[in-house]
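The values are calculated or read from the model by the stated rules, or taken from the named source; none is laboratory data. As the structure is a prediction and not an experimental result, all values here were calculated from the model. Neighbour counts are summed over all protein chains in view; Cβ atoms, including those assigned to glycine, are modelled from backbone coordinates with ideal geometry. The accessibility values were calculated without ligands, DNA or RNA, using every heavy atom of the protein model including side chains. Shrake-Rupley method; radii C 1.70, N 1.55, O 1.52, S 1.80 Å.
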Amino acid sequence: MTDWTDPDAVDLSDEETFETLLDRAETREKGHYFEFFEPGDELTHDPGLVLSKAGSEDWMGQTLNHDPAYWRPDRARDRGFEAVPVHPDYLLACVMGATVEDLSEKGGYFLGRDDVTIHRSPTPGTELAVSSTVVETTPSSSRPEYGIVTWETVGRNRETGDRLVSYERTNMIPRREPTATDGSGTVTDSGDGEDESTAGPAVPDTLVTPEGGHFEEFRAALNRADETDAAVAYAHERGRTMDDGLVSGLPLSTLNTARQHHNRDVMTDSPSGDIVAYGDVTRSIALAHARSDEATYREWRYDAERFHDFVTLGDTIYGFTRVLDCDADAGPERAGAVTFEHVAYNQHRTPVYSGRRTALLQRSHR
Ligand SMILES: C/C(=C\C(=O)SCCNC(=O)CCNC(=O)[C@H](O)C(C)(C)COP(=O)(O)OP(=O)(O)OC[C@H]1O[C@@H](n2cnc3c(N)ncnc32)[C@H](O)[C@@H]1OP(=O)(O)O)C(=O)O
């Protein structure tokens, strides 16, 4: 009998031997298929990520979120923070990153996120405790190899138990067993008899741009638009091309093990055909473009976030913003709340992300 523990019993450097071995080997799987998730299940995510100054600054630098309140103590104090906090996009990515191994490492795409609230602004050194509850599981009617899963996730300060971030997120998750479906999707008839292909999209004739970045300038722009049946909407000049650091580096630095971002071999045979950018990186870049054209006081809430199309290496992400509402009474005296719809789009002008964001903007006279 061969002694298979003998190091010389098998030549692992021989291609044919190695291939035969690989064929026989069972692969120890990572992540979970759609069938694993049941509504009501609670999952505690093991990675106890510690938020770091270096991680936050790297995220900010790479995504063009160059707001000095998140690295300069004097500017942080001016903005009402007791100490320099980590950037909220980095915080959100760290909370989400810690969930990926349990929720989505099997390889589904991030489709959207709702009810995102930044409850607190933690400082570097804060250790995260992250948990999720399965909210809903639905078979996909158009893609029999996938199901749709929604989870509610909460990221807390492990030491104090305080909530830092919470949200509901939806992913396409591969099924272990594809379902029987015609896979055709449903073609619906609007029923009004109008030929939609020639009607053209409904857009305002006039788009108004705020004259500055403070709360009053956004409110004035909305008032101006209201008088002239226009919308307040504008594009941002900056663009950021997706390189390796953004597509693979940033997700891995926040413990996001989704293969979509770092395994080109597996992704060749997937709907995107290549690795894709982490949704939170794409989103953060579009928000950075928008923030660079406003006097942000605080990030607050996000809703109806949707990822419409793939972003791959070499794509360039631009930003477009529509202003939806201004609320002078929300927040402290020195700021007012503005609700935006932000769109990230690529070099072909294809929207890849859209989402609503409510932020507190500084008032100009305070
Ligand atoms: C983190 C992380 C992973 C990532 O970050 S992945 C990178 C970010 N995400 C993407 O790049 C995906 C971009 N999206 C797309 O390219 C397309 O949406 C996609 C995935 C190709 C699918 O396109 P389809 O045109 O085939 O289909 P739909 O977009 O209509 O959606 C497929 C089914 O999902 C349902 N659905 C979509 N959005 C939601 C939602 N927000 N909530 C609930 N359900 C949603 C939709 O109704 C379709 O259902 P069917 O029953 O009709 O199949 C990580 O790993 O975590």
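Counting heavy atoms of the protein chains only and a 1.4 Å probe, report the per residue accessible area for the chain as a whole number of Å².
So the chain comes to 51 Å² accessible per residue, rounded to a whole number.
For a protection proxy built on the mean count of beta-carbon atoms within 10 angstrom, sort 8-17, 30-39, 103-112, 326-335 highest first, please.
103-112, 30-39, 326-335, 8-17
Which order do the peptides 271-280, 41-50 take when ranked by the mean count of other beta-carbon atoms within 10 Å per residue, highest first?
Averaged packing, sorted descending, gives the order 271-280, 41-50.
What residue among 315, 23, 58 shows peak mean-square fluctuation when the chain is described by a Gaussian network model with Cα springs under 10 Å?
In this elastic network of the chain, the residue with the biggest mean-square fluctuation among 315, 23, 58 is 23.
Quick check on region 30-179: what does the Kirkwood estimate of hydrodynamic radius come out to from the alpha carbon pairs, in Å?
Final number for the Kirkwood radius of region 30-179 is 16.4 Å.
Find how many whole Å separate the alpha carbon centroid of region 43-118 from the alpha carbon centroid of region 235-282.
Region 235-282 and region 43-118 have Cα centres spaced 17 Å from each other.
Would you kindly give the portion of the calculated P(r) for the chain that falls above 29 Å, as a percent of all Cα pairs?
48 percent
At 222 nm, what helix-only mean residue ellipticity would the chain give, in deg cm²/dmol to the nearest 500, using -39500 (n - 2.57) for each DSSP H run of four or more?
Details: 9 runs with 81 residues, N = 366.
So the calculated ellipticity at 222 nm is -6000 deg cm²/dmol.
For the chain, what's the relative contact order in percent, using C-alpha pairs closer than 8 Å and at least 6 residues apart?
17 percent
Please report, as a whole percent, how much of the solvent-accessible surface of the chain comes from carbon and sulfur atoms (probe radius 1.4 Å). Kindly include the intermediate steps, with their values, before the conclusion.
Values: 8470 of 18810 Å².
Carbon with sulfur: 45 percent of the solvent-accessible area.
Spin-label point model (7 Å from Cα, Cβ direction): what's the residue 21 to residue 35 distance in nm?
3.1 nm
Take peptides 131-143, 239-251 and line them up by average Cβ neighbours within 10 Å, highest first, as a rough protection proxy.
Output ranking for 131-143, 239-251: 239-251, 131-143.
Once you've got the GNM for the chain with C-alpha springs shorter than 10 Å, pick whichever of 29, 299, 57 has the biggest mean-square fluctuation.
29
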